[in-house]
Amino acid sequence: MSKTIRVIVVDDSAVVRQVMSEVLRSAPDIEVIATASDPLFALDKMHKDWPDVITLDIEMPRMDGISFLRKIKAERPTPVVVCSTLTTRGGEVSLQA
């Protein structure tokens, strides 16, 4: 029996959060435990129920995704999938992530 992968979706776009959650929920071994519109909301939720994986946008209000990624890696290293229209192959933001 495989372990369920618990995911939080962090993106300031409600549409992206909804679509990403639906896509992830269609996989039998993935559970979306939360969504958040910015990293500060995400941190609050994560301290109550830490996910196995984070999907993360880069440009968001109150804290950008790169700063959030640095904070997470320092606090509690967790796999992160960066999903952003700002990232391009070899781009500066992609390299930072």
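Brief remarks follow.
- Most to least packed among 66-77, 38-49 [average Cβ atoms within 10 Å]: 38-49, 66-77
- Distance (nanometres) between label positions extended 7 Å along Cα→Cβ at Asp49 and Val15: 2.8
- The aspartates and glutamates whose alpha-carbon is closer than 20 Å to the alpha-carbon of Lys71, local same-chain residues fewer than 8 away aside, are Asp11, Asp12, Asp38, Asp44, Asp49, Asp52, Asp57, Glu59, Glu92.
- Shape of segment 1-81, Cα gyration tensor, a/c cut at 1.5: oblate
Every number in this text was worked out from the coordinates using simple rules, so none of it is lab data. Everything numeric here is computed off the predicted structure, so don't read it as measured data. Note that we place each Cβ from the backbone using ideal geometry, even for glycine, and neighbour counts take in every protein chain shown.
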